[in-house]
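A short write-up of the structure that comes next.
No value in this document is a laboratory result; all are computed from the given coordinates. No experiment lies behind these values; they were computed from the predicted model shown. Positions of Cβ are backbone-derived with ideal geometry, glycine not excepted, and every protein chain shown enters the neighbour counts.
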Amino acid sequence: MDANGGTVPAEASTPPSASGASGGADPTAEASNGSAAALLTSVQLDRDQLRSAAQLSEAELKGLEDFGLLSSSDDTTYDENDLVVARSAKRFFDFGVEPRHLRMYKQFAEREAAFFEQIVAPGARRRDPAAHDQALQSVNELATLSRQLKEAALRSSLRELL
C-alpha cells in the first residue's frame with residue numbers, strides 16, 4: 001500500500017535492482033531519459049511498510065534513523081531509494097555490521113553530491129531548459145563514473161585479501 005492507502009504495484013514494491021546481484025539500485029541509471037522527474041520513484045511506503053519490506057527489526061530501523069541513513073519522522077513517506085538503503089543495510093546486519101558503521105556511506109554520498117553540484121551548478125542554474133537537461137545528463141554520467149572508480153579502487157584494495 002502507498003501512503004494514501006492505495007496498493008503499490010508489485011514491480012514497484014520489489015525493485016529489480018534492489019535485490020539484484022549488484023546489491024543495490026542505481027537510481028541515477030533510471031534517470032537516463034534526461035528528465036528530472038525520472039529521479040523520482042513510484043514507491044511510497046510508510047515506516048511499517050518499509051520495515052516489513054526490508055525485513056528489519058524495530059531496533060535495526062531505529063538504528064538507521066539514529067545514524068541518519070533514513071528519516072525518522074513518523075509521517076515520513078519512504079521511496080525506492082530508502083528501500084534500497086534499508087535492504088542493503090539488512091544485508092550488512094546479517095554480516096554483523098552495526099548501523100553506526102554504515103554512517104560512512106551516507107557521509108560519502110553527501111560529500112559526493114556536493115562535489116557533483118560544484119561541477120554542474122553553473123548549467124543547472126541557467127533558465128535554459130537545454131542547459132538544465134545537460135546538467136542532469138552530466139550528473140548521471142558523473143554518478144556512473146564515480147561508481148566505476150569506487151568499484152575498481154575497492155577491488156584493488158581487496159586484492160591482497162583475496
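Residue by residue, what Karplus-based ³J(HN,Hα) values in Hz, rounded to whole numbers, does segment 125-140 have, using 6.51, -1.76 and 1.60 with θ = phi - 60° and x for Gly and Pro?
Once θ is set to phi - 60°, the couplings for segment 125-140 become 8, 6, 7, 5, x, 5, 5, 5, 5, 5, 4, 5, 4, 5, 4, 4 Hz.
For segment 40-162, give the magnitude of the charge dipole about the Cα centre (Cβ charges: +1 Lys/Arg, -1 Asp/Glu; no others), in debye to the nearest 20.
With Lys and Arg at +1 and Asp and Glu at -1, about 500 debye.
How large is ³J(HN,Hα), in whole Hz, for each residue of segment 96-102 in order, when computed from phi with the Karplus curve 6.51 cos²θ - 1.76 cosθ + 1.60 and θ = phi - 60°, using x for Gly and Pro?
Those phi angles translate into x, 6, 9, x, 4, 6, 8 Hz.
In whole Hz, with x marking every Gly and Pro, tabulate ³J(HN,Hα) for segment 75-88 from phi via Karplus 6.51 cos²θ - 1.76 cosθ + 1.60, θ = phi - 60°.
So the J values, rounded to whole Hz, are 9, 5, 9, 9, 10, 4, 5, 5, 5, 5, 4, 5, 5, 5.
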